[in-house]
Amino acid sequence: MKKIAILLLAGASLFTACEIERLPYGSMASESVVDDPDGSMDALLNGCYAQMKDWSDVMHRCGEYAGDNMMIRGTSTDSFYEFISYSRTPNNGRLQTFWDNSYKVIAQSSNIIDMIDEGISEEVDSKLGECYYLRGLMYFYLCRAYGRPYYQSPDQNLGVPIVNGTPEDMNNLELPDRSTVAQTYEQAISDLKKAENLLSDEGESIRASKGAAQAMLSRVYLYMSGTWENPNTEYATLAVDYANRVIDSGYYELLDRETFMQYTTFTPEQNAETIFAVKRVASEFSGYDHYYGIGGMYANIGGMGWGEMYASAKYLTLLDETGRNDWREESRKLVDARAAFIDPQYTDEKREVFRFIKNVYSSGVHVNYNYVQAPTTHSGETVTCVDGDQTYTLTAVDAAQGIYSVDYSDGNTYTGVLDYEMRLNRAYPMFYITKASLEGEESHLHSPVISRLGEVYLNRAEAQAKLGNYPGALEDLNTIRERSIPGAGYGSLNAETAPELIEKERQLELAYQAERSYDVFRNGRSLTRRYPGPHGAMEEVLPTDYRVVYYIPQDAINSYPGTLTQNPTN
């Protein structure tokens, strides 16, 4: 009996149904699949979705930790620290997991596509569409992690190997080397377009749907739309077209402000804004397993989680740009709805301090930044604070909001806020992040969001701006901005202001969804993280830096049946 063989590119290991106990998902005789495609495909597809659970964990860390929305309390021996520090190595277990799971999904979905003919029924066609969506998704996510930004010579720079299904000649196996970035994008687009044609209009947000394929195509074409200085209007037009299809479908809706502030507590199926998310359930996390979920590094909730990564000072400053967000229970006022996903950890004493960030010098050279929490004293309208053995009189910047400045002993003037003293972890105030936690109020339960309507509006805003349609771009941009900050929409948008304002709104809106670092580099921007933390605070990572992309896992290269070219090391 002919069996399905599953190709795992990580080790080029070949498994058959006879070795089912070694597989993370089941395998079945191809004859039984063909005889009962509708019934069999559910089991096979569930195997694909199951692979995405571990996949989404590393996918998040690759995209988010390399950005500037978060900081870590100190160095770590965990391999994810390489994502933060940009100390790239090819021997990274987390990257191996990402590579392995991506190609498992590609192999499984490809084998289903190869076995089942289209046209048997609408139900079977729709499930084939899910396969095409998942395969296209994997190629895109692999390419943005291991391949250079699209605007940088996509016909020459390398993407990833395109291997769709099990090769026919298993005895003389030699797989192709990496395709170019352009070829990998072409594969992803071809799959996503096929998915769009086969999938039904409606579907659960925890499975692929027509809207999910269209939303991902809007992002893929946006990634191909060039830089602000040199936009590619062909791809920008396509990004607008696919965003239109999602928005105009009427199947999704933006949550209102108050509901959006509870976004993370809803399951994907309950959330009208979620287009596709990787479903997680509480039963997958037993005992202390919540420590190891995505949210476990961002917060400790109900005694679960390491709580060692916090919102960066840069992100907090963006949240405060139109008015101070005050999280204190007695005076709580969140100006920006997205501040609801930040949870400062105050000490029990409720002691007032003046908190600000100062420069750190070594031998007269500015080398880093650090927080200061200086206890305050009020005497009438005069406010003083004590730091070390020095007392400072503060100058009101906006006394109503508790914003003051201090002429510090190092000769600099710093601005900060009057607030309760916060708990510290290695000198850093603990600004917990809850955007990857609290689903169903279950500690760190979180179904990672792949696409949601808020992103699609921002995709269209950027693409329209690159086409010179600034009124249309402004309308989309303000749709998202005014949802979070009512009345704070921008009055105008032009070629000069569009890059800054659109990129800022994407950072605010899509933080902690694994988009930020890729958004920076795909537009030809440099990444700077000039805020407190153990990272290279004074470093500028250029979009042309070799560290913008990750190394192919060395184990994958060593066991690959054929040539698998590594990314450059400098």
How many residues does segment 525-550 hold that are within 19 Å of the chain's Cα centre (by Cα) and among the aromatic types (Phe, Trp, Tyr)? 1
Selected residue (criterion: farthest from Pro167 (Cα to Cα)) from residues of segment 111-121 that are open to solvent by 20 Å² or more (accessible area, probe 1.4 Å) and over 32 Å from the mean Cα position of the chain (by Cα): Ser121
Matching residues in segment 64-82 (in contact with a Lys or Arg (Cβ under 7 Å, 6 or more places away or on another chain) and under 26 Å from Glu284 (Cα atoms)) number 3
Any residue at all in segment 393-403 that is at pLDDT 95 or above, out of contact with any Lys or Arg (no Cβ under 9 Å at 6 or more places or on another chain) and assigned to a loop (DSSP other than H, G, I, E, B)? yes
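The rows are residues; the columns are (1) buried (at least 17 other Cβ atoms within 10 Å of the Cβ); (2) modelled with pLDDT of 95 or more.
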residue	(1), (2)
Leu137	yes, yes
Phe140	yes, yes
Cys143	yes, yes
Tyr150	yes, yes
Asn164	yes, no
Leu173	no, no
Asp177	no, yes
Ala182	yes, yes
Asn197	no, yes
Only one of these is within 22 Å of Thr479 (Cα to Cα) and open to solvent by less than 60 Å² (accessible area, probe 1.4 Å): Ala215, Ala277. Name it. Ala215
Evaluation of Gly129 against (1) within 18 Å of the chain's Cα centre (by Cα); (2) assigned to a helix (DSSP H, G or I) (one fails), failing number: (1)
For Ser443, state whether it is buried (at least 24 other Cβ atoms within 10 Å of the Cβ) and modelled with pLDDT under 95. yes
Matching entry among Glu455, Glu509 (being under 15 Å from the mean Cα position of the chain (by Cα) and closer than 17 Å to Tyr315 by Cα): Glu509
May I ask you to list the residues in segment 360-381 that are polar (S, T, N, Q), closer than 17 Å to Met538 by Cβ and in contact (Cβ under 8 Å) with a residue 24 or more places away in the chain? Asn368, Asn370
Looking only at segment 75-120, count how many residues are at positive phi and of a type in the set (Gly, Ala, Ser). 1
Out of contact with any Gly (no Cβ under 8 Å at 6 or more places or on another chain), crowded, with 23+ Cβ neighbours inside 10 Å, basic (Lys, Arg) and on the phi < 0 side of the Ramachandran plot: which single residue out of Arg423, Arg452 fits that description? Arg452
Sole exception among (1) exposed (fewer than 15 other Cβ atoms within 10 Å of the Cβ); (2) in contact with a strand residue (DSSP E or B) (Cβ under 6 Å, 6 or more places away or on another chain); (3) not aromatic (Phe, Trp, Tyr) for His378, by number: (2)
So Val541 clears everything in (1) farther than 23 Å from Tyr221 by Cβ; (2) in contact with a Gly (Cβ under 6 Å, 6 or more places away or on another chain); (3) among the aliphatic types (A, V, I, L, M) except one condition, right? Which one? (2)
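Condition check ((1) open to solvent by 30 Å² or more (accessible area, probe 1.4 Å); (2) free of Cβ contacts under 8 Å to residues at least 40 places away in the same chain; (3) out of contact with any Leu (no Cβ under 7 Å at 6 or more places or on another chain)) across all residues:
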site: Asn46; (1), (2), (3): yes, yes, yes
site: Arg61; (1), (2), (3): no, no, yes
site: Ile72; (1), (2), (3): no, no, yes
site: Asn101; (1), (2), (3): no, no, yes
site: Val105; (1), (2), (3): no, no, no
site: Gln108; (1), (2), (3): no, no, no
site: Glu123; (1), (2), (3): yes, no, yes
site: Glu130; (1), (2), (3): no, no, no
If Thr265 satisfies every condition in (1) in contact with an Asp or Glu (Cβ under 9 Å, 6 or more places away or on another chain); (2) within 24 Å of Pro149 (Cβ to Cβ) but one, which is the exception? (2)
Please give the helices (runs of 4 or more DSSP H) falling wholly within segment 1-118 in which 1 or more residues are at pLDDT 90 or above and out of contact with any helix residue (DSSP H, G or I) (no Cβ under 8 Å at 6 or more places or on another chain). 37-65, 81-85, 93-115
Consider Tyr151 carefully, then state whether it is within 25 Å of Arg525 (Cα to Cα) and in a helix (DSSP H, G or I). no
Would you check if there is a residue in segment 297-309 being among the hydrophobic types (A, V, I, L, M, F, W, C), more than 19 Å from Asn425 (Cβ to Cβ), open to solvent by 10 Å² or more (accessible area, probe 1.4 Å) and in contact with a strand residue (DSSP E or B) (Cβ under 9 Å, 6 or more places away or on another chain)? no
Any idea which of (1) more than 20 Å from His446 (Cβ to Cβ); (2) open to solvent by less than 50 Å² (accessible area, probe 1.4 Å) is the one Lys314 doesn't satisfy? (2)
Looking only at segment 151-200, how many residues end up being within 18 Å of Met115 (Cα to Cα) and free of Cβ contacts under 8 Å to residues at least 12 places away in the same chain? 2
Selection count where residues are among the hydroxyl-bearing types (Ser, Thr, Tyr) and closer than 13 Å to Arg522 by Cβ, scope segment 221-266: 5
For segment 353-363, give me the residue count where each residue is surrounded by fewer than 17 Cβ atoms within 10 Å (Cβ to Cβ) and either at pLDDT below 95 or hydrophobic (A, V, I, L, M, F, W, C) (or both). 1
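The values are calculated or read from the model by the stated rules, or taken from the named source; none is laboratory data. Because the structure is predicted, anything quoted here is derived from the model rather than measured. Reconstructed Cβ throughout: ideal geometry from the backbone, glycine too, with neighbour counts over all protein chains shown. Note: accessible area is taken over every heavy atom of the protein model, side chains too, but ligands, DNA and RNA are not part of it. Shrake-Rupley method; radii C 1.70, N 1.55, O 1.52, S 1.80 Å.
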